[in-house]
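Here is the structure we will look at.
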Amino acid sequence: MTWRLAAVGLLALAALPAAAQQRPTAEVQRLEEFIRSPEHLAQVRAAITAFEPAALAARCADIRPTRGRAWQPVEDPVFDAGAKVPKTAAWQETWEVTACGQPGVRSLGFVIRPGQGVVPLPMFPGESLATLRLQHDAGQLALTTSASAALQCNSRMQIIASAVTNRTDHARGRWSERWTVAGCDRTAEIDVHFAPDPQGRPSYQFRNSGDR
């Protein structure tokens, strides 16, 4: 994953709640209308290309969104009267894509703050069930600990794929994923288990599956 975000994006992400609270239906509908606008779809296309991990882009630079799969609010949207673009909001989107003719899945986050416009945020390629905030927190820790140990790499590392390995208890906040990390011309797999901590907040544990 690309973590070189604009400072405004990092600050906005740090302020996001762990999960969205109860949301006004009318405001969410207005946000959905904005998400479907041609202007936003152009932002999606640009962000998917910009955030493609270098290890994947080196093999295929032609990546295109083909169909929106899902989206969810991360923070209550707030609109000024009559405005089409929210004043503040945060959400994530999942898209089906083609990369040099091969199907794939990419997700993105978006944050809007007054006077700052729409800021896109990268998420993991693949089928990860982790939210925008959870990917950010767990991903940074995975890259600085487990990935570094597995790859024996001090250069830039990225998460280039994610797959769900056990979703049986996902409704209760327990599930497992396998993340593929790349760095120093090598790849490794990290198994991640998510579960609520004693206070009910998301927690995660890593286990290396080996390098190749």
If each of ALA26 and ASP80 carries a label point 7 Å out from its Cα toward its Cβ, how far apart are those two points in nm? 1.9 nm
ARG174 versus GLN199: modelled label distance in nm, points set 7 Å from Cα along the beta carbon direction: 2.2 nm
Under 5 Å between amide hydrogens, which residues at least 5 positions from MET123 or on another chain qualify, with H placed 1.01 Å from N in the peptide plane? SER107, GLY109
Compute the angle between helix 132-144 and the longest alpha-carbon principal axis of the chain, please, reported from 0 to 90 degrees and rounded to the nearest 10. 30 degrees
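Kindly state, to the nearest 0.05, the FRET efficiency for ARG167 paired with ARG45, given R0 = 30 Å and r defined as their beta-carbon distance.
Working: r = 29 Å, r/R0 = 0.98.
For ARG167 and ARG45, the calculated efficiency is 0.55.
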Looking only at THR131, THR165, THR25, which one moves most when the chain is put into a Gaussian network model with springs between Cα atoms under 10 Å? THR25
Among ALA89, ALA81, ALA161, residue whose mean-square fluctuation peaks in a GNM of the chain (springs only between Cα atoms under 10 Å): ALA81
Taking a probe of 1.4 Å, how large is the accessible area per residue of the chain, in Å²? 52 Å²
Quick one: if you stick a label point 7 Å off each Cα along the C-beta vector at GLU33 and LYS87, how many nm between them? 1.8 nm
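Leaving out ligands, DNA and RNA, what percent of the accessible area of the stretch 62-174 is carbon and sulfur, probe 1.4 Å? Numbers along the way, then the final one.
Working: 2590 of 5330 Å².
In the stretch 62-174, the share of accessible area belonging to carbon and sulfur is 49 percent.
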List, in order, the whole-Hz ³J(HN,Hα) value for each residue of the stretch 46-57 obtained from phi through the Karplus relation with A = 6.51, B = -1.76, C = 1.60 and θ = phi - 60°; use x for Gly and Pro. 5, 5, 4, 5, 5, 8, 4, x, 4, 5, 7, 5
Stretch ARG156-THR66 to full length: gain in nm at 0.36 nm per residue minus the Cα-Cα span? 29.4 nm
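The values are calculated or read from the model by the stated rules, or taken from the named source; none is laboratory data. Since this is a predicted model, take the numbers as computed values, not measurements. Positions of Cβ are generated from backbone atoms using ideal geometry, with glycine treated the same way; all protein chains shown enter the neighbour counts. The area values use the complete protein model at the heavy-atom level, side chains included, leaving out ligands, DNA and RNA. Shrake-Rupley method; radii C 1.70, N 1.55, O 1.52, S 1.80 Å.
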